[in-house]
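The values are calculated or read from the model by the stated rules, or taken from the named source; none is laboratory data. If you're wondering where the values come from, they're calculated on a predicted model, not measured in any experiment. All Cβ positions, glycine included, derive from the backbone under ideal geometry; neighbour counts span all protein chains shown. SASA here: full protein model, heavy atoms, side chains in, ligands and nucleic acids out. Shrake-Rupley method; radii C 1.70, N 1.55, O 1.52, S 1.80 Å.
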Amino acid sequence: MVKKMSVLSEKLKYFIDQKGLSIANLAKRSGIERSTLYQYINDRRPLQNRTQLEVIMLELHLTPDEREEVLEAYEITRIGVKNYNRRRKVREILESLLTLEEGNTETVKTGGGINLPEMENKGLIRGELEVNRVVHQVIQETARRGGQLKLLVQPDYELVMESLMLVKGGLEDTKVTQIICLEPDSGQDGCSNLESIRRVLRYGIGIRCYEPRYYYGKAKEHYGSMSVLPYLIATDRYAIQIASDRKAAILHKDPKTVEYLNGVFDKMCQQSRLLMVSIDGFGGEQAKWGSEYIRTVNFSNSYEMCSGLCSVQFWDERMIRKYMNRNIPGYEVMVDKYIAYTAGLYQAKRQGHTTVLMNTAFVEEFIQTGVFREYPEIFFSEPVSPEDRRELIERILKAVDEGWYHIRMVPMEDFLLSYHWEILMNQGSGMLFQYAFENQFRIFQIEEKDILDAVFDFLENTAVGPNVLDDRQSAKLLRKWEKQYLT
């Protein structure tokens, strides 16, 4: 059997032939020994030296697009196609969060527009448009009354999920529970489960009371007699079974049938696990929940992606009392919670190893202005004074010197999150997404291992990227800004 050449060797061989060069000529121009280059091109020896690859690409006079092709082939050969795909998917997830804002979907009033008598007469429904219309009617009717909406659908069933996003303003009194099937092997390309979490994060922003759950396996393995009509939407009044092609459905309104299908859903719910937990961070809930979280989490190896100067663990009682807005309802309780939370977080992280990826432009902006853009404005009574900004920088630099806190300045053009989003990642134990936008301050916690492994690998790889500053360089930059803006 002939061994298949690596993607990189094939790509280099293609461009050498296309440019009309010989290996001997390219070896002479690049300064790489001829026999070594021959082994690289013919896949007799792996090309792992990035500097040599850059020289080869330079001598081949590759265009920017051609360079991208070669660098992609280099990464695929170095880490494998599945890992490469997963890193790209995580990047796609983070990039999708850049434009995800609360105001992007229109809120539909739910007080009218529902023809209940017509819906009552439905049984078998044929045609995708008609199925979609009835599904939307049931969602609207549930939003109008409040209660519980149960979904046995995959996140890619966009009609159902977009209907929920459209009536989100009416879902404040409605709990939405969704059961999702994840693939035990992450799918053929390794990205199936990551695509699910990309969608689930979006729905978590748009739907206030949203509880996604999951199990492993194929949908038909768990639906039993429902395998012909594998999708289920259930409320206390209606149940809709939907065909896999979404072009046919049965609307049930008989109380006994509706009760039975609700029971099927509840049984599956008991066999599933939470995919994501979300909490509202206002009213001191972030600090209260965070204090519990740090008691159970191991910070021995954690990564964070924070838009600005990730300094919450370096705040003390004096700063909290000075800058927290006294007009926030429950101010005294909030202050006490945040004092306990920041002290506990500092001690927990000091026992471990934390690396923080920071947006260089946002950090510089904070040092100039003292405004934390990554938290809702209502949290703070005034910008942080120059003296206190210096104090925070000194505390961070001290932690870097002590070796448990590591900072990596990332150029704004390479930073994949807006200041609305932050990520906290503890290897093997949990991941948090923190979201702040206008009147929303939400925290999403995810513990599913396949997703944790993919995001951790991505952050770990990003931390050593060619444009990312290491500890020494990042600390030097902080010192420069401190001198430039605060003295």
- For Ser278, which of the numbered conditions (1) more than 30 Å from Asn132 (Cα to Cα); (2) among the hydroxyl-bearing types (Ser, Thr, Tyr); (3) in contact with a helix residue (DSSP H, G or I) (Cβ under 6 Å, 6 or more places away or on another chain) fails to hold? (1)
- Matching helices (runs of 4 or more DSSP H) fully within segment 325-414 where at least 1 residues are within 25 Å of the chain's Cα centre (by Cα) and farther than 19 Å from Trp481 by Cα: 331-350
- Kindly check whether there is at least one residue in segment 89-101 that is surrounded by fewer than 20 Cβ atoms within 10 Å (Cβ to Cβ), farther than 28 Å from Cys191 by Cβ, in contact with a Lys or Arg (Cβ under 9 Å, 6 or more places away or on another chain) and at pLDDT below 90. no
- Pairs, first more than 18 Å from Val70 (Cβ to Cβ) in segment 19-47, second surrounded by 14 or more Cβ atoms within 10 Å (Cβ to Cβ) and among the small types (Gly, Ala, Ser), C-beta under 7 Å, six or more apart: Glu33/Ala27; Arg34/Ala27
- Would you mind stating whether Ser227 is surrounded by fewer than 17 Cβ atoms within 10 Å (Cβ to Cβ) and either at pLDDT below 85 or over 30 Å from Gly123 (Cβ atoms) (or both)? yes
- Message: So Met57 passes all but one of these: (1) at pLDDT 90 or above; (2) open to solvent by 30 Å² or more (accessible area, probe 1.4 Å). Which condition number does it fail?
- Response: (2)
- Being of a type outside the set (D, E, K, R) and open to solvent by less than 60 Å² (accessible area, probe 1.4 Å) is the filter; apply it to segment 40-54 and report the residue that is nearest to Leu21 (Cα to Cα). Ile41
- Does Met412 satisfy the criteria of being open to solvent by 10 Å² or more (accessible area, probe 1.4 Å), among the aliphatic types (A, V, I, L, M) and modelled with pLDDT of 90 or more? yes
